1. Along the charge dipole of the chain, pointing to its positive end and built from +1/-1 on Cβ of Lys, Arg, Asp and Glu, which listed residue (Thr54, Ser22, Ile66) has its Cα farthest out?
2. Through the Karplus equation 6.51 cos²θ - 1.76 cosθ + 1.60, θ set to phi - 60°, convert the phi angles of region 56-61 into ³J(HN,Hα) values in whole Hz; use x for Gly and Pro.
3. Tell me, what is the FRET efficiency for Thr54 and Lys8 to the nearest 0.05, using R0 = 22 angstrom and their Cβ-Cβ distance as r?
4. Taking only the C-alpha atoms, wrap a convex hull around region 25-75 and report its volume per residue in Å³ as a whole number.
5. Place the peptides 43-51, 5-13, 69-77 in order of packing, highest mean first, counting for every residue the other Cβ atoms within 10 Å and averaging per peptide.
6. If contacts are Cα pairs under 8 angstrom and at least 6 residues apart, what is the relative contact order of region 1-51 in percent?
7. Would you tally the net charge around Val33, using a Cβ to Cβ cut-off of less than 13 Å, leaving Val33 out, and scoring K and R as +1, D and E as -1?
8. Does anyone have the angle between helix 6-15 and the longest principal axis of the chain? Alpha-carbon axes, 0 to 90°, nearest 10?
Amino acid sequence: HLNIGQNKLFKFCRENNILCSSKNHWNKPYQRVIDKGYFQIRETPYERNGKIYTSQAPVITGKGQIWLTNLLLKEFEK
């Protein structure tokens with residue numbers, strides 16, 4: 001059992017080059033983890049002041065859940 005919250009999880013992913021940490025790409029998955037099938041980017045349109053924008057959010061796949069769980073177990077079950 002891992003006792004890890006959202007903030008610690010996202011920090012781990014940024015520190016281990018799974019999610020980007022630059023200002024313009026904050027918490028977006030790197031292309032290599034998308035190419036391996038671990039993450040996807042979900043785009044959702046929304047309207048603000050009459051203009052249509054698109055928000056992007058990282059989504060982990062089932063394959064990615066297994067991969068990330070194994071990484072976390074190695075790191076936090078020491």
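The values are calculated or read from the model by the stated rules, or taken from the named source; none is laboratory data. Values in this document were obtained by computation on a predicted structure and should not be read as measured data. Note that each Cβ is placed from the backbone with ideal geometry, even for glycine, and that neighbours are counted across all protein chains shown. Please note that ligands, DNA and RNA were not included when accessible areas were found on the heavy atoms of the full protein model with its side chains. Shrake-Rupley method; radii C 1.70, N 1.55, O 1.52, S 1.80 Å.
1. Comparing the listed Cα positions along the dipole, Ser22 ranks first.
2. 10, 9, x, 10, 8, 8
3. Numbers: r = 29 Å, r/R0 = 1.30.
It comes out at approximately 0.15.
4. Details: hull volume 4.8 nm³, N = 51.
In region 25-75, the Cα hull volume divided by residue count equals 93 Å³.
5. Details: 43-51: 7.4, 5-13: 13.3, 69-77: 11.6.
Answer by packing, highest mean first, reads 5-13, 69-77, 43-51.
6. Details: 27 pairs, mean separation 9.6, N = 51.
Rounded, it is 19 percent for region 1-51.
7. After counting each charged neighbour, the total is +4.
8. 90 degrees
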